[in-house]
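Working notes, structure below.
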Amino acid sequence: MVIVGGGVVGAACAYYAARAGLTVTVVERGAVAGGTTGAGEGNLLVSDKEPGPELDLAVLSSARWAELAAEDGLGAAVEYEPKGGLVVAETEEGVAGLAGLAVEQRAAGVDAVEVPAAELTGYEPHLAPDLAGGMFYPQDAQVQPMLAAAHLLRASGAEVRTGVTVTGMLRSGDRVTGVRTDRGDLAAGAVVNAAGTWGGEVAALAGVTVPILPRRGFILVTEPLPPLIRHKVYAAEYVANVASDDEGLESSAVVEGTPAGTILIGASRERVGFDRTLSMAALRRLARQAIRLFPALGDVAAIRAYCGFRPYCPDHLPVIGPDPRAEGLLHACGHEGAGIGLAAATGHLLAQSLTGAPPDLDLHPFRPDRFPEHP
Amino acid sequence: MSQFVFEGRPVPFEPGQSIGAALTAAGIRSWRTTRFGGRPRGLYCGIGVCFDCLVTVNDRPSLRACMVEAREGDTVEGGDRDA
Amino acid sequence: MRDLVVIGAGPAGLAAAVAAATAGLDVALVDAGRRPGGQYYRHHAAETGRLHHDWDAFVRLRGALDRLTYLPGHRVWHVEDGFTVHALTGDRDERPVRIGARALVVATGAHDRSLPFPGWDLPGVLTAGGAQALLKGDRVTAGERIVVAGTGPFLLPVATGLAGAGATIAGVFEANRPYGFARHVARHPDKAREGAGYAALLARHRIPYRTGHAVVAAHGDDRVEAVTVARLDRDWAPVRERVIACDTVAVGHGFTPQLELPLQLGCATRMDADGSLVVAVDVAQRTSVPGVYAAGETTGVGGAQLSLVEGELAGLAVAEAAGGVAPDPAGVQRLLARRRRLRAFAAAMHAAYPVRPGWMDRLRDDTLVCRCEEVTCGRLAEAAELGATGPRSAKLLSRAGMGRCQGRVCGYATAWLTTGVCGRIPGPEDLLGTARRPIAQPVRLRDLAGEPENPRDENHPINPA
Ligand SMILES: Cc1cc2nc3c(=O)[nH]c(=O)nc-3n(C[C@H](O)[C@H](O)[C@H](O)COP(=O)(O)OP(=O)(O)OC[C@H]3O[C@@H](n4cnc5c(N)ncnc54)[C@H](O)[C@@H]3O)c2cc1C
Ligand SMILES: Cc1cc2nc3c(=O)[nH]c(=O)nc-3n(C[C@H](O)[C@H](O)[C@H](O)COP(=O)(O)OP(=O)(O)OC[C@H]3O[C@@H](n4cnc5c(N)ncnc54)[C@H](O)[C@@H]3O)c2cc1C
Ligand code: FES
């Protein structure tokens, strides 16, 4: 089979497909992890998802990531850290909201531990003293996304062809039988569209529509510091933002330390197409929110900011599985702001689908032809 | 001649000199260690580009010694906040 | 809102600001340095000009600063379209400043271009420009027994300046063999005079000057104590080696223009003859972005005289576009002719002093490439194995260039090393991947957070002057 896209999703698909015995070639027009994966933060979150198909996928993926991390050397290579997430609320209503959400999340297999205000600094000593309470999610974890993609690809043993662009599909009748690239044709029993934000374009090469749009995000990176923040920490409004349909700028920053010593603050969410211009408004909000949570960060310098474009579908769910409109074509794209977290389960489910094994999760909510056709 | 205190010892400087220049003139070649390898560092680029020369001046961390003019009575320590 | 904000008070920025202000524009000149002059005219607080060529030109420009608002000690960290210049001032009690502008001249100059070698991170190893800056700006000689190495005519003022200040120069090691270059120098009387002056000084101070030689390693535990110097073949592969004792090494391989601000604005770039990425400008120093001009080394490394000419042309062009006094056509013609000559000279210089691929032969697996994140040559090779195809993707997989300096020091070398494994030499796209810095100077989160929501709604930009 051929996988189009060498991001974290393509890499996870390659890994699980190879493990299922398939021969895999990955075609990537740029470098490994050079797309949105190279702009992501590496949060593997279950905490920010409301009950539904995405949460089910996240819970499955969280377990798969833990398994991957336990494999020889892989956990260290991808900098897997099961550090847990702490969601905090500023008001009593916020705390109540968190508690309500946690009840539903627990029913889906999520571990959630209530943290009263007085115990917050036990989790995070530098947290602002005036927060109303929080919820701790031990399953929330972290990987370094670029290394994750690269090491999954390496472990898969797949042939990786960087600098090669897929320009068309090989067809036999309605069936997709391979890809056309700028370096020649590649025949394949199956083609997986793991082109992330560009998944719509790759789908169009096969004559099918998958509506994927970019949602911009900025991340702020601080100067390196001694360990200051232990978990992933964010404010409760974040959960509401993630599911929002608002076109404008929204963000509730996830604040966390990294093994390199820098603190990552991100990310904003805006629908502005592929515009890379630095948004002062986005940075300002990220900085404000980070200081609100950790007042000591006010004196810490940001040394870097970067942006990426999350691949999103109108219903905020990814597209996973075979395309009934084009036999031989499968999709694994559109994971929006959670593609790193959801990559492991996506690869796993896709491999099950390719080998005819019964899927661990119903793929119906993720089917590629669920959107109304546009002319 | 004016002086500032670097890690307990007086360092003379001429008015207008940077802290990094005064340290170098006093024979002090390094004042910070790297965070992974623990390697010593001092001036490299001399013009505020490389961030090798970081010092803490009067408790303000992560300043570039080659950019900050020395002032009488300054207390200077090597390193940034991660050291 | 100013008619013009000039960023950088080196030769180019000074000339631009003074020309525009003289033509009647309301100009602010913003510079990170404590004193005007940039790199070339860097000077001590009590300077007389003894160490400088062309000091008179500088004194004239400095004397004209009262025609404009000069803001020293202002580090620009971002420029927004429209234009809003975001700066930080105060070297310890830092505070943010914003300045609105109708037009911009970017004259941020360049910094030394570094090529790593084993031991280059030892204290006592400096850039050639760094040693020069210490001498000119602080009257401090970087050491007592100094080796000067790298490539380019800039090694000569560095070595002779240090010797004149009392240091022993253990040798100047020029990697190239620039035989044909003398012919070009001869065509420029002032350059010829300058060159003859250096030759006389080398002789007077008995400084050995060796072409086709390079420092290939520095030795010492916690400071440099000696270097290995090698004779090089045509491609810079080391042939014969010897060890020379020293306490300081000043190394430079040309300069890298500082492009973060023009790149923030979206200005088009091109690759210059020396293999550096530079801002593309037209005959009037206009960049591809309307209202943004660039002058001096940001548009191509060519020395202070070229920077002065380009700056003046940019200042005159901005003034004319703003409806100010039309410049005297004969004066402009003279400047254009001078720019042509100086650019031709710069091109000849770049051809005579290239960087050759053999510089990579001196690296070992454990040689640091990125000083900030301590990324070695071996780790870069690993990144390439993992699927990196150039410096940007190598950075994501190795952290090279992710530290405080944001790849300014290692970017050029990383570009060579990561394209080399793919059988290429760095192209403009590779260099772009190392040059984009949306935040050009560290800025405290408090200052970021405190930025008002709508800076451009303000009638009066904050102006401390
Ligand atoms: C600022 C920001 C922060 C984020 N933080 C997180 C986080 O903390 N946790 C999380 O889980 N997710 C996060 N995300 C989301 C996550 O980064 C993405 O969902 C994920 O990286 C998508 O991976 P992918 O493999 O689908 O896409 P990509 O990484 O974009 O890979 C797709 C690849 O396909 C290639 N391609 C496209 N077209 C072609 C073609 N025609 N031929 C060949 N190759 C082609 C592209 O070059 C690209 O490399 C964040 C995103 C952003 C922008
Ligand atoms: C360290 C060093 C020393 C040098 N010494 C000499 C020498 O002695 N003799 C010689 O012939 N050539 C020297 N050069 C070469 C020098 O680049 C040119 O001679 C000449 O100075 C170029 O003039 P310019 O106006 O283009 O830029 P520069 O003189 O480099 O001036 C650029 C100015 O912009 C400022 N700046 C840059 N970024 C920002 C920012 N973000 N915010 C605010 N201000 C900013 C800088 O502080 C600087 O003052 C040196 C170069 C370097 C890097
Ligand atoms: S010596 Fe490079 S920043 Fe000070």
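Tell me whether region C:128-147 contains one or more residues that are assigned to a strand (DSSP E or B), within 30 Å of C:Ala19 (Cβ to Cβ), within 16 Å of ligand 3 (Cβ to nearest atom) and within 14 Å of chain B (Cβ to nearest Cβ). No; the residues of region C:128-147 include none that is assigned to a strand (DSSP E or B), within 30 Å of C:Ala19 (Cβ to Cβ), within 16 Å of ligand 3 (Cβ to nearest atom) and within 14 Å of chain B (Cβ to nearest Cβ). Here is the figure for region A:274-301: residues that are small (Gly, Ala, Ser) and facing chain C (nearest Cβ under 8 Å) total 5.
Only a single item in (1) open to solvent by 20 Å² or more (accessible area, probe 1.4 Å); (2) facing another protein chain (nearest Cβ under 7 Å); (3) farther than 30 Å from A:Gly257 by Cα is not met by B:Arg71, and it is number (2). Take C:Ala45 and decide whether it is at pLDDT below 95, more than 15 Å from ligand 2 (Cβ to nearest atom) and farther than 16 Å from C:Gly109 by Cα. Yes; evaluated as a whole, the condition is true for this residue. For region C:154-179, the set of residues classified as open to solvent by 40 Å² or more (accessible area, probe 1.4 Å) and of a type outside the set (Ser, Thr, Tyr) consists of C:Phe154, C:Gly164, C:Ala165, C:Gly166, C:Arg177, listed by residue number.
Only one of these conditions is not met by C:Glu312: (1) in a loop (DSSP other than H, G, I, E, B); (2) acidic (Asp, Glu); (3) touching a residue at least 12 places away in the same chain (Cβ under 8 Å). Which number is it? (1) is the only condition that C:Glu312 fails. Looking across C:Arg379, C:Arg404, C:Arg364, C:Arg371, one residue alone is under 20 Å from C:Gly119 (Cα atoms) and within 16 Å of ligand 3 (Cβ to nearest atom). It is C:Arg371. Give me the pairs, please: first residue somewhere in region C:253-270 and assigned to a strand (DSSP E or B), second residue anywhere and of a type in the set (Phe, Trp, Tyr) and more than 10 Å from ligand 2 (Cβ to nearest atom), beta-carbon distance under 7 Å, and either six or more positions apart or on two chains. These pairs meet every condition: C:Thr256/C:Tyr412.
The set of residues in region A:250-273 that are over 25 Å from C:Arg399 (Cα atoms) and either at the interface with chain C (Cβ under 9 Å from one of its Cβ atoms) or surrounded by fewer than 19 Cβ atoms within 10 Å (Cβ to Cβ) (or both) comprises A:Glu250, A:Arg271, A:Val272, A:Gly273. Of everything listed in (1) within 14 Å of chain B (Cβ to nearest Cβ); (2) in contact with a Lys or Arg (Cβ under 6 Å, 6 or more places away or on another chain); (3) of a type in the set (A, V, I, L, M, F, W, C); (4) more than 20 Å from C:Ala304 (Cα to Cα), the single unmet condition for C:Ala28 is (1). Here A:Val78 meets each of (1) over 13 Å from the mean Cα position of the chain (by Cα); (2) surrounded by 24 or more Cβ atoms within 10 Å (Cβ to Cβ); (3) within 22 Å of A:Gly334 (Cβ to Cβ) with one exception, condition (3).
Listed by first and then second residue, the pairs with beta-carbon distance under 8 Å, at least 6 apart or on different chains, first residue in region C:335-359 and on the phi < 0 side of the Ramachandran plot, second among the hydroxyl-bearing types (Ser, Thr, Tyr), are C:Tyr353/C:Thr151; C:Pro354/C:Thr151; C:Val355/C:Thr151.
When region A:289-336 is limited to residues that are basic (Lys, Arg) and within 20 Å of A:Ala33 (Cα to Cα), the one that is farthest from ligand 1 (Cβ to nearest atom) turns out to be A:Arg304. Mind checking whether some residue in region B:33-42 is farther than 19 Å from C:Gln441 by Cα, more than 9 Å from chain C (Cβ to nearest Cβ), touching a Gly at 6+ places or on another chain (Cβ under 8 Å) and open to solvent by 30 Å² or more (accessible area, probe 1.4 Å)? Looking for residues that are farther than 19 Å from C:Gln441 by Cα, more than 9 Å from chain C (Cβ to nearest Cβ), touching a Gly at 6+ places or on another chain (Cβ under 8 Å) and open to solvent by 30 Å² or more (accessible area, probe 1.4 Å), one finds at least one in region B:33-42, hence yes. Of the strands (runs of 3 or more DSSP E) that lie entirely inside region A:100-180, those containing 3 or more residues that are open to solvent by less than 40 Å² (accessible area, probe 1.4 Å), away from every other protein chain (no Cβ under 14 Å) and within 17 Å of A:Ala235 (Cα to Cα) span A:133-137. The residues in region A:248-294 that are assigned to a helix (DSSP H, G or I) and either within 16 Å of C:Ile439 (Cβ to Cβ) or at pLDDT below 90 (or both) can be counted, and the count is 9.
Scanning region A:191-222 for residues that are in a strand (DSSP E or B) and not charged (D, E, K, R) yields a count of 11. In this structure, C:Val216 qualifies as crowded, with 19+ Cβ neighbours inside 10 Å, β-branched (Val, Ile, Thr) and not in a helix (DSSP H, G or I). The residue of region A:13-34 that is nearest to ligand 1 (Cβ to nearest atom), among those that are in a loop (DSSP other than H, G, I, E, B) and more than 10 Å from chain C (Cβ to nearest Cβ), is A:Arg29.
Among the residues making up region C:382-392, those that are in a helix (DSSP H, G or I) and either open to solvent by less than 20 Å² (accessible area, probe 1.4 Å) or among the hydroxyl-bearing types (Ser, Thr, Tyr) (or both) are C:Ala383, C:Pro391. Taking the listed residues C:Ala9, C:Ala45, the one that is open to solvent by 20 Å² or more (accessible area, probe 1.4 Å), more than 16 Å from ligand 1 (Cβ to nearest atom), on the phi < 0 side of the Ramachandran plot and not in a helix (DSSP H, G or I) is C:Ala45, with no other qualifying. Look at (1) within 16 Å of the chain's Cα centre (by Cα); (2) away from ligand 1 (no atom under 11 Å from the Cβ); (3) within 14 Å of chain C (Cβ to nearest Cβ) and you find that A:Ala66 fails only one, number (3). Determine whether region B:34-55 contains at least one residue that is among the aromatic types (Phe, Trp, Tyr), within 16 Å of ligand 2 (Cβ to nearest atom) and in a loop (DSSP other than H, G, I, E, B). Yes, region B:34-55 contains a residue that is among the aromatic types (Phe, Trp, Tyr), within 16 Å of ligand 2 (Cβ to nearest atom) and in a loop (DSSP other than H, G, I, E, B). Across region C:408-418, the qualifying residues are those that are facing another protein chain (nearest Cβ under 10 Å) and within 16 Å of ligand 3 (Cβ to nearest atom), and the one among them that is farthest from C:Asp112 (Cα to Cα) is C:Cys410. When each of A:Gly30, A:Gly73 is tested for being open to solvent by 20 Å² or more (accessible area, probe 1.4 Å) and over 20 Å from A:Gly308 (Cβ atoms), the lone residue that passes is A:Gly73. Could you tell me which residue of region C:62-72 is nearest to the chain's Cα centre (by Cα), considering only residues that are crowded, with 19+ Cβ neighbours inside 10 Å and either closer than 28 Å to C:Ser288 by Cβ or within 10 Å of ligand 2 (Cβ to nearest atom) (or both)? For region C:62-72, the residue satisfying everything is C:Leu71.
Residues that are free of Cβ contacts under 8 Å to residues at least 60 places away in the same chain and crowded, with 16+ Cβ neighbours inside 10 Å were ranked within region C:81-113; the one that is nearest to ligand 3 (Cβ to nearest atom) is C:Asp91.
Among the residues of region C:347-381, those that are small (Gly, Ala, Ser) and surrounded by fewer than 20 Cβ atoms within 10 Å (Cβ to Cβ) comprise C:Ala347, C:Ala348, C:Ala351, C:Gly358, C:Gly378, C:Ala381.
The values are calculated or read from the model by the stated rules, or taken from the named source; none is laboratory data. Model, not experiment: these values are computed from the prediction. Heads up, the Cβs are rebuilt from the backbone with ideal geometry, glycines too, and the neighbour counts pull from every protein chain shown. Just the protein is used for accessible areas: all its heavy atoms, side chains included, with ligands, DNA and RNA removed. Shrake-Rupley method; radii C 1.70, N 1.55, O 1.52, S 1.80 Å.
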